[in-house]
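Here is the structure we will look at, set down as structure tokens.
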There are 2 protein chains.
Amino acid sequence: MDIIRIDDPGDSRIAAYRDIRERDLVGRQGRFIAEGKVVLDVLLDSIRFRSESILLLENRLPGLSRILSKASPGLPVYVASGPVINGITGFHMHRGILAIGRRAEETTADRLLRSLPERALVVVLVGIANHDNVGAIFRNAAAFQANAVLLDRTCCDPLYRKAIRVSVGAALKVPFATFDTETTLATNLDSHGFSRLAFSPRGTEDLRHIRRTDRLALYFGSEGEGLPTELLATMKTARIPIAGDFDSLNVAATSAIALHHFTVGDL
Amino acid sequence: MDIIRIDDPGDSRIAAYRDIRERDLVGRQGRFIAEGKVVLDVLLDSIRFRSESILLLENRLPGLSRILSKASPGLPVYVASGPVINGITGFHMHRGILAIGRRAEETTADRLLRSLPERALVVVLVGIANHDNVGAIFRNAAAFQANAVLLDRTCCDPLYRKAIRVSVGAALKVPFATFDTETTLATNLDSHGFSRLAFSPRGTEDLRHIRRTDRLALYFGSEGEGLPTELLATMKTARIPIAGDFDSLNVAATSAIALHHFTVGDL
């Protein structure tokens, strides 16, 4: 690691950090933004993701020596004052810890499923565009040791800055893949011996009465719309009973309850 | 209800809506801001909270007739174009549905506890300053029919705009009160026959093995810090087992799992 002082927000070496709030699209150029101490720690531990550089508020450097000792030799660690960092990022960065990560090569759902152990729990997300929800679901997936998250093309990218931050780095830990159609995914899951279970307020069985199978895929849909009726018709459906006069459970809360239920004895 | 067209963002009749993002303190003047269709619906249904006025994007009016029919006679419903609304609120209001609510008189934890039924579940929050977490916990509390939420003085106000929005109106449904000291609250809970249970990653019993008592108070602490050690020492503590190498569960996810666990058979 190589500590470099930055005094000019216009310095071309920190161009990747410029105006990060406006363009969460850094990820689209093969990169993503990691924010905060815990996420940086996860990134530097990651085998899948490589860090390209780190940008720190000068006063954060001393408190990070343990974490930074994991950085690969030669990794640039840019250090700047508060006003310079704010000038670079375009907003007040009270955390003062940022890193640019390099996206790993995308895997397919099929390849990912093939890599899983005999006993495996998979989370399938359909139409979840909200960064907070995707981040929170990844956090729950990591906490309950789900083996993979599979997302349809309308879900938010788990490597968006805010999704990574809300996931407390879990988006960098839990393997994920995007799938093209629900039909192909169902065929894949079937061929790999996964039971499929969909969560819906209109689900037919109370979650409490559903037993774990060794290989299980849990489907969650977006707030509001929920999983499409046609999709619900293709598999067993679970319901988490709630008060009759209340709107619905948040999808991340649903995933926490579901994952907790199906990991009895595994943790 | 009284539909009034507003063409000037400076109109004094809609002063309460001005720059709402900057000052979430509207609540501190005895008022709060309700945002979105579901929250407006909850507000107009509420017995505890009264609405002072509504401000709508003009094109939202037709879709709200069912909800607006519940408004009390004479309630001003201000209607404005997009640019005028943005000029009033200071940011782009894509929902286009706002209302000013009047805070109810604050009750005390003791008075609130006295009003609860024989079988009751109470959520106690200590040091939870994050609006999203407080909102999400209220949403879970409403979904699982908790009877009350009690907050210490360092928690975020449940009637902050964002907390109400994240709660999907639950902050207006589930009765709450603020308490001064943990010692007084403990005495109150004891005298009303409540068992107390604290959630902590260091809790001694696995949640799955803890049985419901008729009157039960569940304590949750802030992310990071968690509940203070001195407080944990005063009551039974529960743990939700998670993967050993992962940081922790989000406090709202913890509340979802806990409330779900303790409402078996009640919903």
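The values are calculated or read from the model by the stated rules, or taken from the named source; none is laboratory data. All values derive from a computational prediction rather than experimental measurement. Don't worry about glycine lacking a Cβ; one is built from the backbone with ideal geometry, like all the others, and counts go over all protein chains shown. We work out accessible area using only protein heavy atoms, side chains counted, and drop any ligands, DNA or RNA first. Shrake-Rupley method; radii C 1.70, N 1.55, O 1.52, S 1.80 Å.
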**Message:** Quick one: 3J(HN,Hα) in Hz for the range B:103-116, Karplus 6.51/-1.76/1.60 with θ = phi - 60°, rounded, Gly and Pro as x.
**Reply:** 5, 7, 4, 6, 9, 9, 4, 4, 5, 5, 4, 5, 8, 7
**Asked** In nm, what is the difference between 0.36 nm times the number of residues separating A:HIS92 and A:THR184 and their Cα-Cα distance?
**Response** 28.7 nm
**Complete:** Nearest-0.05 FRET efficiency for A:ARG202 and A:ILE4 at R0 = 60 Å, using Cβ-Cβ distance, is 0.60
**Prompt:** Which distances in nm, rounded to one decimal and ordered from shortest, link the label point of B:MET1 to the equivalent label points in the other identical copies, with labels set 7 Å from Cα toward Cβ?
**Reply:** 5.8
**Message:** Taking A:ILE47 in one copy and the same position in all the others, each labelled 7 Å out along Cα→Cβ, what are the pairwise distances from the first, in nm, shortest first?
**Reply:** 6.1
**Message:** Quick check: from the Cα gyration tensor, does the protein assembly as shown come out rounded (a/c under 1.5), prolate or oblate?
**Reply:** rounded
**Request:** Mind putting a number on the dipole of chain A about its Cα centre? Charges go on the C-beta only, +1 for Lys and Arg and -1 for Asp and Glu, and I need it in Debye to the nearest 20.
**Result:** 620
**Item:** Cα-Cα pairs of the range A:1-92 separated by more than 22 Å (percent)
**Value:** 23
**Asked** Could you give the nm distance between label points at B:ASP19 and B:SER72, where each point is 7 Å from its Cα heading toward the beta carbon?
**Response** 3.0
**Request:** Classify the range A:167-267 as rounded, prolate or oblate, taking a ≥ b ≥ c as the square roots of the eigenvalues of its Cα gyration tensor: rounded when a/c is under 1.5, otherwise prolate if a/b is larger than b/c and oblate if not.
**Result:** rounded
**Asked** Which listed residue (B:THR234, A:GLY224, A:GLY193) has the Cα farthest towards the positive end of the charge dipole for the protein assembly as shown, taking +1 on Lys and Arg C-beta and -1 on Asp and Glu C-beta about the Cα centre?
**Response** A:GLY193
**Prompt:** How big is the charge dipole of the range A:109-262 about its Cα centre, in debye rounded to the nearest 20, if each Lys and Arg gets +1 on its Cβ and each Asp and Glu gets -1 on its Cβ?
**Reply:** 580
**Point-charge dipole on Cβ atoms (K/R +1, D/E -1) for the protein assembly as shown, about Cα centre, debye to 20** = 320
**Request:** Let me know the mean shielding of B:251-260 by other chains, meaning the per-residue number of their Cβ atoms within 10 Å of its Cβ.
**Result:** 6
**Request:** Please give, to one decimal in nm, the separation of the simple spin-label points placed at A:SER191 and B:ARG153, each 7 Å out from Cα toward the Cβ.
**Result:** 6.5
**Request:** Sort shortest first the distances from B:HIS209 to its counterpart in every other copy, using label points 7 Å along the Cα-to-beta-carbon line, and give them in nm.
**Result:** 2.8
**Request:** Leaving ligands, DNA and RNA out of it, report the carbon-plus-sulfur percent of the accessible area of the range A:109-262 at a 1.4 Å probe.
**Result:** 48
**Message:** Using only protein heavy atoms and a 1.4 Å probe, how much accessible area in total is buried between A and B, to the nearest 100 Å²?
**Reply:** 2600
**Complete:** For chain B, the charge dipole (Cβ of Lys, Arg +1; Cβ of Asp, Glu -1; about the Cα centre) points to a positive end, and the Cα of B:VAL122, B:LEU55, B:ILE88 closest to that extreme belongs to B:LEU55
**Complete:** Across B:131-139, the residue-averaged tally of Cβ atoms belonging to other chains within 10 Å stands at 2
**Request:** Evaluate peptide B:237-243: per residue, the Cβ atoms of other protein chains within 10 Å of its Cβ; return the mean as an integer.
**Result:** 5
**Message:** Counting heavy atoms of the protein chains only and a 1.4 Å probe, report the per residue accessible area for chain A as a whole number of Å².
**Reply:** 43
**Message:** Tell me the relative contact order for chain B as a rounded percent, counting alpha carbon contacts under 8 Å between residues six or more apart.
**Reply:** 19
**Request:** Please sort A:141-149, A:94-102, A:180-188 by packing, taking for each peptide the average over its residues of neighbouring beta carbons within 10 angstrom, highest first.
**Result:** A:141-149, A:94-102, A:180-188
**Prompt:** How large is ³J(HN,Hα), in whole Hz, for each residue of the range B:160-172 in order, when computed from phi with the Karplus curve 6.51 cos²θ - 1.76 cosθ + 1.60 and θ = phi - 60°, using x for Gly and Pro?
**Reply:** 5, 3, 5, 5, 4, 5, 5, 6, 6, x, 4, 5, 8
**Asked** Calculated FRET efficiency, A:ARG114 and A:THR234, Cβ-Cβ r, R0 25 Å, to nearest 0.05?
**Response** 0.70
**Request:** Could you tell me the number of lysine pairs in the protein assembly as shown with C-alpha atoms less than 23 Å from each other, where the two lysines are 8 or more residues apart or belong to different chains?
**Result:** 11
**Complete:** Helix-only [θ] at 222 nm, chain B, -39500 (n - 2.57) per DSSP H run of 4+, per residue, nearest 500, equals -7000 deg cm²/dmol
**Prompt:** For the range A:225-234, what does the Karplus curve 6.51 cos²θ - 1.76 cosθ + 1.60, with θ = phi - 60°, yield as ³J(HN,Hα) per residue in whole Hz, taken in order and with x for Gly and Pro?
**Reply:** 5, x, 6, x, 3, 4, 6, 4, 5, 8
